[in-house]
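This report concerns only the one structure given below.
The values are calculated or read from the model by the stated rules, or taken from the named source; none is laboratory data. Everything numeric here is computed off the predicted structure, so don't read it as measured data. Because the Cβ atoms are built from the backbone with ideal geometry, glycine has one as well, and the counts that use them run over all protein chains shown. The area values use the complete protein model at the heavy-atom level, side chains included, leaving out ligands, DNA and RNA. Shrake-Rupley method; radii C 1.70, N 1.55, O 1.52, S 1.80 Å.
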Amino acid sequence: MKIAGQAWQFIRHDLILSGAALVCALLFIGLAQTYLGYMQAEQLVLRSHLQSLTLQADAQETAWNNAVQYGALYQRLSRQGIINVEHRLDWIEYLTELNREVPQLKIAFRLEPQRPLSAAVENVQLYGSKMQLNFEIKNEEVFSDVLAGLQQLAGWPAPEQCVLARSEEARIKVACDIEWLSIGPIAQPVAEVAQ
């Protein structure tokens, strides 16, 4: 079917406008599609960032809960002098003074060097210093008093064994192996310290 020249003139303006509108619509659709792709990529980046922040917040919450849960224990161990420092001189002074005040106890002791006792956990280590303690008592009450006095000192005295035996003077000889426990940072090997 042929369009007559006069009819063509009537619809030509409408066809041009329709074509222009179609081109504008296609251009708008293309721009909208590009913008949508950009926004989807931005959304993925923001979602990834949100997940990262959520993981950080969860880690901070866990750290806070651990601080609350173990804070009181840390404070107690710190007050007892168990963390970071060995109080060897305090132990020696106490036993020397006790021997001077109560010479009939005949206190004798020997301290071995501090050594790691267990596997390291993160960056801390449990250490022990073995003490061999010998003394003489009249009755078991004095034995309890001596051990209670050790408990009052800084550190954690953990008696491994105590052997009580009768002496010839109707006294009791006490021989104890005590492990003085402390918690501290992992010690570097001697070779690394020397360099």
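Given the criteria without any contact (Cβ under 8 Å) to a residue 60 or more places away in the chain, surrounded by 10 or more Cβ atoms within 10 Å (Cβ to Cβ) and more than 29 Å from ILE186 (Cα to Cα), does GLN56 qualify?
no
Residue by residue, here is whether (1) under 30 Å from GLN152 (Cβ atoms); (2) aliphatic (A, V, I, L, M); (3) in a helix (DSSP H, G or I); (4) at pLDDT 80 or above holds:
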{"position": "LEU22", "(1), (2), (3), (4)": "no, yes, yes, yes"}
{"position": "LEU27", "(1), (2), (3), (4)": "no, yes, yes, yes"}
{"position": "TYR38", "(1), (2), (3), (4)": "no, no, yes, yes"}
{"position": "LEU50", "(1), (2), (3), (4)": "no, yes, yes, yes"}
{"position": "GLN75", "(1), (2), (3), (4)": "yes, no, yes, no"}
Cross-chain or 6+ apart pairs with Cβ under 7 Å, the stretch 21-41 first and without any contact (Cβ under 8 Å) to a residue 40 or more places away in the chain, then of a type in the set (A, V, I, L, M, F, W, C) and in a helix (DSSP H, G or I): none
Candidate set from the stretch 91-126 (those that are at pLDDT 90 or above and among the acidic types (Asp, Glu)); member that is surrounded by the fewest Cβ atoms within 10 Å (Cβ to Cβ): GLU101
Which listed residue is open to solvent by 100 Å² or more (accessible area, probe 1.4 Å) and under 30 Å from PHE143 (Cβ atoms), from ARG88, ARG76, ARG12: ARG76
Filter pass, VAL85 being in a loop (DSSP other than H, G, I, E, B) and either closer than 21 Å to CYS162 by Cβ or out of contact with any Phe, Trp or Tyr (no Cβ under 8 Å at 6 or more places or on another chain) (or both): yes
Any pair with Cβ under 9 angstrom, 6 or more apart, that starts in the stretch 102-118 at a residue that is in contact (Cβ under 8 Å) with a residue 12 or more places away in the chain and of a type in the set (A, V, I, L, M) and ends at one that is loosely packed, with under 15 Cβ neighbours inside 10 Å and assigned to a strand (DSSP E or B): ALA108/GLN132; LEU111/GLN132
Unique match (being of a type in the set (S, T, N, Q), touching a Phe, Trp or Tyr at 6+ places or on another chain (Cβ under 7 Å) and open to solvent by less than 50 Å² (accessible area, probe 1.4 Å)) among SER129, SER167: SER129
